[in-house]
Amino acid sequence: MLRLLSANAYRHVGDYGWHANDRWWGLATFVTLGLSKNDWSAVRAPFFDNRTVSARVKRSYGGAHEVTVGFKIANSKFISPVMQRKEGIFMKIVQECDLTAYNTYRIVSVARKAYFPETVEEVRSLFVEGDLRKKVILGGGSNVIFSYSRYDDIDFIVLRDNFSRLSLDGQLMTAQAGTLLSEMIERGYESGLGGMETYFDIPGTIGGAVVMNAGMNEDEISCHLEQVTWLERSTGAIVSKPAKDLVWGYRYSEFQKRERIVLEAVVRLQAGDVPMFRKKRDDIVAKRHAGQPWEQPNAGSVFKRPQGRFVGQMLEELGLKGTNIGGMEISKKHAGFIVNTGGGTGADVLRLIELVTVTVREKYGISLEAEQIVI
Ligand SMILES: Cc1cc2nc3c(=O)[nH]c(=O)nc-3n(C[C@H](O)[C@H](O)[C@H](O)COP(=O)(O)OP(=O)(O)OC[C@H]3O[C@@H](n4cnc5c(N)ncnc54)[C@H](O)[C@@H]3O)c2cc1C
């Protein structure tokens with residue numbers, strides 16, 4: 001690791017986390033790894049939770065390889081270097097990866113291994129023939145339920161933020177799958193382009209939005225897409241198709257079959273008055289925050305909307321609002337959401353889903369279908 005760091009063949013210095021009490025230990029390691037004085041200024045966006053202080057550091061050093069180097073420190077112990085070489089490619093790989101920050105329910109779960117690819121080649125290298133380990137893609141983790149507290153048989157591939165290059169050509173924006181929707185919208189505004197205001201506070205990636213055909217009311221992401229590029233898991237082929245030639249439905253896309261990894265999407269933005277776009281965005285955000293439980297961890301609407309009925313309204317009529325199992329609760333603010341009130345697990349969510357599904361079927365004769373993806 002030291003050799004690699006001094007070899008000038010790396011471009012990224014990755015995630016650092018250290019226990020609050022281990023701060024100096026962590027910084028000492030930072031120095032030991034041979035980073036120069038200037039690197040201190042590269043420590044950006046530290047975030048604090050109840051146990052750890054972490055910071056993401058990114059610096060470009062040029063060189064032939066994309067390398068992410070990082071390490072994890074907790075309880076005064078250096079736990080794991082997270083950079084590994086795979087198929088001749090360097091990428092960040094985290095052993096014993098705490099997935100809490102990678103799902104918006106904030107369900108505590110640990111993956112034996114998680115990959116953080118930054119390029120198409122890195123993504124592709126994870127689907128080589130003969131590798132039989134199951135792999136699940138995570139975008140923003142804003143529509144998933146981790147049903148296990150530990151995953152030994154499934155590896156995770158996290159795309160949010162790291163697989164997130166973005167470019168503009170006229171009104172067409174091309175974004176890699178891990179780009180956050182909010183980032184795409186802001187970048188559009190910087191170039192006088194808008195039109196995707198509905199998506200600003202959907203806390204997912206463009207890849208996840210394509211898979212879920214995310215949207216609000218009649219506005220669905222598929223209406224904004226020009227083209228989607230994906231990787232066929234079985235053959236390793238990279239395929240692009242115009243969005244109009246793909247099958248879309250209400251919260252449905254053909255990418256839900258899990259045979260395909262969305263790599264890139266092209267959206268068409270509209271030229272217009274940016275202050276007006278911003279005003280529209282702010283109005284949508286204010287309305288959503290007033291009616292939905294943004295103060296508590298959740299993963300959006302739990303169920304798809306059945307024909308002619310609103311789920312939240314039905315659950316309110318049934319007196320289910322506020323019902324809790326373990327640390328999960330049917331939101332008191334909007335019964336269509338389940339929120340984590342502290343220490344909630346995926347099993348708690350699934351039991352609430354079961355309770356709601358059975359009760360609604362009995363009382364209304366309606367079969368609810370969960371929108372969220374159980375992993
Ligand atoms: C507060 C809140 C509000 C929300 N509001 C809305 C809303 O208004 N409308 C709406 O539609 N949704 C909403 N959602 C749900 C969620 O944000 C969307 O479904 C979003 O599009 C999911 O994107 P993601 O990147 O988080 O996907 P994830 O949750 O990470 O993944 C969802 C599924 O897609 C798969 N996947 C992700 N990326 C890829 C890829 N690149 N290739 C192949 N498979 C992939 C995953 O394996 C998983 O099966 C909300 C969620 C929250 C927390």
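A full extension of the chain between MET276 and GLN95 corresponds to an added length of 60.6 nm, given 0.36 nm per residue minus the alpha carbon distance. Approximating the spin labels as points 7 Å out from Cα along Cα→Cβ, the GLU369-to-ARG233 distance works out to 2.0 nm.
The mean sequence distance of close C-alpha pairs (under 8 Å, at least 6 residues apart), as a share of the length of segment 166-276, puts its relative contact order at 35 percent. Overall form of segment 166-276: prolate. Here a/c, set by the Cα gyration tensor axes a ≥ b ≥ c, is 1.5 or more, and a/b is the larger of a/b and b/c. Ranked for footprinting exposure by Cβ neighbours inside 10 Å, fewest first, ILE107, ILE284 give ILE284, ILE107. Sorting TYR115, TYR364 by the number of Cβ atoms found within 10 Å of their own Cβ, with the fewest placed first, yields TYR364, TYR115. Compute the Cα gyration tensor for segment 85-163, then decide on rounded, prolate or oblate, letting a ≥ b ≥ c be the square roots of its eigenvalues: rounded whenever a/c is under 1.5, prolate when a/b is larger than b/c in the other cases, and oblate in all that remain. Prolate, because a/c is 1.5 or more and a/b exceeds b/c.
Dipole orientation for segment 261-301: of the candidates ILE261, MET276, PRO293, MET276 has the Cα lying most toward the positive pole (charges on Cβ; Lys, Arg +1; Asp, Glu -1).
Bear in mind these aren't lab numbers, they're just calculated from the coordinates by the rules spelled out. In this text the structure is predicted, and so the values were computed from the model without any measurement. Heads up, the Cβs are rebuilt from the backbone with ideal geometry, glycines too, and the neighbour counts pull from every protein chain shown.
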